[in-house]
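The values are calculated or read from the model by the stated rules, or taken from the named source; none is laboratory data. Computed from a predicted model, the values in this text were never measured in an experiment. Positions of Cβ are backbone-derived with ideal geometry, glycine not excepted, and every protein chain shown enters the neighbour counts. Ligands, DNA and RNA are stripped out before the accessible areas are found, and what is left, the full protein with its side chains, is counted by its heavy atoms. Shrake-Rupley method; radii C 1.70, N 1.55, O 1.52, S 1.80 Å.
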Amino acid sequence: MSQVTRRQFLGIVGATAAGAGISSVIHARVSAAADHQTDWYDRVEERIPSICQLCPGGCGLKVRVVNGMPVSIAGNPLHPVNRGGLCPRGLAGLQSLYNPDRLIAPVRRVGPKGSGQWAEISWDEAIQAVAGPLVQLREKGAPEALAILGGEYRGLMDRLWARFAKAYGTPNYLRLQTLRPELPDAVASLMHGEKRPISFDLRNASFVLSFGCNWLEGWNSPVSQMQAYGHMRQGRQGHRAEIVHVESRLSHSAAKADLWVPVKPGTEGILALGLAHLILREQIYNEDFIADNTFGFEDWQDADGRSHAGFKQLVLEEYPPVRVSEITGVRSETIVTVARRLAAARPALVLSDNRSSLEGHDLFTRMAIHSLNALVGSIEAPGGVLSGRDAPPLSVWPEIVPDDTAQRGLAQQRLDNAGVAERFLDSDVPRGLAEAVLQAETSPIEVLVLHRANPLFGRRDKEQFREALTKIPLVVSFSSVPDEVSQYADLILPEHHFLEGWQDDLVTHLPGFTLFSIGRPAVAPLYNTRHADDIVLDLAETVGGAVAEAFPWESYEELLKSSAQGLFDSGRGNVVS
């Protein structure tokens with residue numbers, strides 16, 4: 001049996017990686033490492049703190065770096081979100097860093113849309129290719145013809161894009177997100193006036209009733225929630241929390257519950273009001289909370305003397321268990337049992353699926369579900385729904401003074417009509433952009449910037465967007481890898497991997513406090529990519545005028561340090577968990 005030396009083994013690994021499509025840059029580094037494999041005593045090893053950007057959880061990382069190259073990722077035990085834990089996606093974060101499909105430089109489309117023909121260009125060319133049309137739009141007095149569709153990012157990046165839109169003069173800055181824990185919840189805003197993000201104290205709950213909320217899979221912060229689950233079930237001596245999960249499919253969260261309640265899709269709100277009927281009929285609701293904190297529970301009269309049915313009368317008349325059972329497919333006995341157990345357990349917590357930002361059609365369902373938290377007195381109570389804390393005291397950015405061109409553009413109606421007419425409850429209606437483009441003879445959008453947003457994946461209106469993208473003269477995509485949007489883009493500007501640059505993250509889903517995290521680069525950029533914030537700053541400088549004046553920072557690093565100075569100056573808070 002022949003033996004393989006270490007050098008031969010590394011050579012085989014390098015050849016295999018190259019055959020699998022790994023980039024020449026990474027292959028060269030592996031080969032260089034093989035040439036110096038005996039110099040182990042000279043190697044420098046570090047543990048660099050960072051932040052995971054692969055989901056809204058915002059977990060803290062410790063990146064093991066050897067001779068400047070990250071080789072493994074682990075959870076940071078001092079970070080309050082995950083306390084050293086990490087999900088499989090976070091542990092595999094290096095695979096996205098070394099992904100052979102990553103774009104290595106800016107590219108411009110040279111063939112017809114959909115042809116897949118691209119030419120590599122420099123960053124100066126790329127910035128000019130975007131800034132030139134932007135300058136022309138302002139010169140002809142139509143800054144509102146710029147639309148920005150942002151995706152999954154948080155922290156200063158959102159503020160930076162909003163500032164650019166205001167300084168430039170377009171009202172058309174929209175977000176396309178799946179989960180938005182950093183924003184005020186529409187249900188909490190409407191039902192109890194909460195203007196800050198809310199959080200859910202799962203760790204201290206004694207009973208959790210979940211309506212399609214897959215909180216053990218991919219909700220706000222999977223690691224934090226799994227740790228809370230362990231504490232609920234085993235971490236409290238002599239007290240094991242009970243979990244009931246309502247969903248049409250047997251999901252992972254449903255499988256981990258004490259009781260899974262299958263329900264007909266779309267009838268979850270009716271089931272919630274059926275539970276409320278039992279709680280009201282048997283008078284097992286929290287009377288003190290209702291008396292001290294609610295309006296409209298009993299029948300009431302308005303200022304003109306007109307009578308209105310209260311919540312109690314409406315639910316008792318319209319949602320008896322037998323009728324609810326016929327509609328939802330849930331047995332009447334189950335409705336009675338769950339309602340009694342919910343009312344008896346203290347503290348209890350009711351969760352709803354908050355993916356409404358995808359469609360925007362289930363607000364009233366979520367309001368019906370959230371009413372159960374009020375009935376059992378779980379709002380602003382330990383183990384229940386907690387209001388968000390004030391935003392962290394970051395330094396205040398200089399005030400923007402839009403010029404005349406920007407003011408005229410900002411005075412125009414947003415193309416998605418969010419906040420108007422039947423969309424008065426919506427903050428963003430991405431499909432409205434596609435509708436506006438398709439309904440007009442010529443596209444009202446002349447430049448569309450997509451940042452981590454892919455409206456052609458996972459949406460029912462993707463065909464509308466596909467047709468709209470073909471009508472828009474200039475489509476610019478900030479993307480690290482080719483996606484469905486790429487074939488319709490005119491320019492693709494690749495941004496850094498989150499381990500390659502400075503980063504910030506604002507986390508509001510933790511009960512009791514708000515967290516602002518900062519991560520420093522764990523590795524020098526592997527390719528000719530840029531940080532997205534730096535691209536925005538360069539665009540503003542190139543556009544010039546009042547737009548450039550609104551951005552006094554030379555780089556994102558300077559912006560981040562300037563913003564974080566406010567945390568130090570406040571003299572409060574904690575550095576670690």
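Could you list all residues from the range 415-434 that are touching an Asp or Glu at 6+ places or on another chain (Cβ under 9 Å), closer than 26 Å to residue 189 by Cα and buried (at least 16 other Cβ atoms within 10 Å of the Cβ)?
415, 416, 417, 418, 423, 426, 428, 429, 430, 431, 432, 433
Assuming residue 542 fulfils every condition listed in (1) of a type in the set (S, T, N, Q); (2) open to solvent by less than 20 Å² (accessible area, probe 1.4 Å); (3) not in a strand (DSSP E or B) apart from one, which condition is it?
For residue 542, the failing item is (2).
Assuming residue 553 fulfils every condition listed in (1) surrounded by 16 or more Cβ atoms within 10 Å (Cβ to Cβ); (2) touching a residue at least 24 places away in the same chain (Cβ under 8 Å); (3) assigned to a loop (DSSP other than H, G, I, E, B) apart from one, which condition is it?
Failed condition: (2).
Out of all the residues in the range 134-160, which are over 30 Å from the mean Cα position of the chain (by Cα) and crowded, with 18+ Cβ neighbours inside 10 Å?
137, 138, 142
Can you name the number of the only condition in (1) of a type in the set (A, V, I, L, M); (2) over 26 Å from residue 396 (Cα atoms); (3) assigned to a helix (DSSP H, G or I); (4) open to solvent by less than 10 Å² (accessible area, probe 1.4 Å) that residue 209 fails?
Against the list (1) of a type in the set (A, V, I, L, M); (2) over 26 Å from residue 396 (Cα atoms); (3) assigned to a helix (DSSP H, G or I); (4) open to solvent by less than 10 Å² (accessible area, probe 1.4 Å), residue 209 comes up short only on (3).
Would you be able to say whether some residue in the range 365-381 is in contact with a Pro (Cβ under 7 Å, 6 or more places away or on another chain), open to solvent by 20 Å² or more (accessible area, probe 1.4 Å) and not in a loop (DSSP other than H, G, I, E, B)?
So far as the range 365-381 goes, no, none of its residues is in contact with a Pro (Cβ under 7 Å, 6 or more places away or on another chain), open to solvent by 20 Å² or more (accessible area, probe 1.4 Å) and not in a loop (DSSP other than H, G, I, E, B).
Taking residue 196 and the conditions (1) open to solvent by less than 50 Å² (accessible area, probe 1.4 Å); (2) touching a residue at least 60 places away in the same chain (Cβ under 8 Å); (3) farther than 20 Å from residue 376 by Cα; (4) of a type in the set (D, E, K, R), which numbered condition does it fall short on, given that it satisfies the others?
The failed condition is (1).
Just checking, how many residues over the range 177-193 are of a type in the set (A, V, I, L, M) and buried (at least 21 other Cβ atoms within 10 Å of the Cβ)?
The total comes to 2.
Name every residue in the range 444-471 that is modelled with pLDDT of 95 or more, assigned to a loop (DSSP other than H, G, I, E, B) and surrounded by 20 or more Cβ atoms within 10 Å (Cβ to Cβ), in order of residue number.
Answer for the range 444-471, where residues must be modelled with pLDDT of 95 or more, assigned to a loop (DSSP other than H, G, I, E, B) and surrounded by 20 or more Cβ atoms within 10 Å (Cβ to Cβ): just 445.
Looking at 567, 560, 506, can you tell me which residue is within 30 Å of residue 199 (Cβ to Cβ), open to solvent by less than 10 Å² (accessible area, probe 1.4 Å) and not in a loop (DSSP other than H, G, I, E, B)?
Values: 567 fails: open to solvent by less than 10 Å² (accessible area, probe 1.4 Å); 506 fails: open to solvent by less than 10 Å² (accessible area, probe 1.4 Å).
From the options 567, 560, 506, the qualifying one is 560.
Just to be sure I understand, how many residues within the range 267-315 are without any contact (Cβ under 8 Å) to a residue 40 or more places away in the chain and surrounded by fewer than 17 Cβ atoms within 10 Å (Cβ to Cβ)?
Step one: list which residues in the range 267-315 are without any contact (Cβ under 8 Å) to a residue 40 or more places away in the chain, which gives 281, 283, 287, 291-292, 295-310, 312-314.
This time we only want the ones that are surrounded by fewer than 17 Cβ atoms within 10 Å (Cβ to Cβ), so: 281, 283, 287, 291-292, 295-296, 298-310, 313-314.
Number satisfying all stated conditions: 22.
Would you call residue 254 under 24 Å from the mean Cα position of the chain (by Cα), over 20 Å from residue 509 (Cβ atoms) and not β-branched (Val, Ile, Thr)?
yes
Let me spell it out: the conditions are (1) under 18 Å from residue 446 (Cα atoms); (2) of a type in the set (Gly, Ala, Ser); (3) surrounded by fewer than 21 Cβ atoms within 10 Å (Cβ to Cβ); (4) touching a helix residue (DSSP H, G or I) at 6+ places or on another chain (Cβ under 8 Å), and residue 116 meets all of them except one. Which number is the exception?
(1)
Mind checking which residues of the range 244-266 are open to solvent by 30 Å² or more (accessible area, probe 1.4 Å), touching a strand residue (DSSP E or B) at 6+ places or on another chain (Cβ under 6 Å) and in a helix (DSSP H, G or I)?
none
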